[in-house]
1. Take residue 6 and decide whether it is modelled with pLDDT under 90 and outside any loop (DSSP other than H, G, I, E, B).
2. What's the total number of residues in segment 19-63 that are under 13 Å from the mean Cα position of the chain (by Cα), buried (at least 19 other Cβ atoms within 10 Å of the Cβ) and among the hydroxyl-bearing types (Ser, Thr, Tyr)?
3. Of the numbered conditions (1) in a loop (DSSP other than H, G, I, E, B); (2) of a type outside the set (Lys, Arg); (3) at pLDDT 85 or above, residue 161 satisfies every one except a single condition; which is it?
4. Residues in segment 36-48 that are touching a residue at least 40 places away in the same chain (Cβ under 8 Å) and over 13 Å from residue 60 (Cα atoms): how many?
Amino acid sequence: MAASIWSFLGWKKERPASPPPVTITGVRIPADGAPAHLLSLSTISDSSGMDSFLFHVPDLRHYWNTERVWEYRDLQKFHLLQQHRSSCTGAYYVFFSFAVDDLPENLSVPAWIRGSSVNDIGIRDHFWGDVFLVKMAPHEYGEHGWAVYEDVVPEFLDLLAEGPVDG
């Protein structure tokens with residue numbers, strides 16, 4: 001049925017069932033107080049979470065350790081403008097879990113992300129477990145409507161520590 005619809009619309013190939021995995025550079029903010037750092041993350045297709053509209057998301061199960069923590073994941077989007085740092089400009093997603101009974105509170109998430117300062121992005125007041133940030137490509141969605149990610153640059157770690165500066 002789907003093939004006949006694709007043919008009728010003039011498309012030669014049927015849409016693949018899921019996007020291929022990609023490896024991106026993201027940021028991990030550990031809950032144990034260790035410094036935030038860049039890391040390689042591979043994406044997986046998962047339609048069960050709040051992030052299913054992206055069609056493929058960073059596979060964070062290794063860091064969260066339990067299926068329940070993975071199932072209780074959520075994300076929030078924020079934008080960094082050109083005035084902050086040109087190499088960091090763009091849209092980002094913060095991935096976190098709200099499995100508060102399974103994870104320690106993460107006190108290392110900067111205030112400007114937590115929502116405790118005047119110039120914040122105001123995502124939420126508290127985070128539990130390791131928190132991850134990934135950057136979207138400028139066009140954000142590519143072929144078939146799947147998310148397109150871009151590597152987070154090392155300069156972002158400085159911005160993470162200092163916070164965005166209006167100016």
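The values are calculated or read from the model by the stated rules, or taken from the named source; none is laboratory data. Here the structure is a predicted model, which is why all the values come from computation and not from measurement. A quick note on method: Cβ atoms are made from the backbone with ideal geometry, for glycine too, and the neighbour counts reach across all protein chains shown.
1. yes
2. Matching residues across segment 19-63 total 1.
3. The single condition residue 161 does not satisfy is (1).
4. Step one: of segment 36-48, the residues touching a residue at least 40 places away in the same chain (Cβ under 8 Å) are 36-38, 41, 43.
Next, from what is left, pick out any that are over 13 Å from residue 60 (Cα atoms): 36-38.
Number of matching residues: 3.
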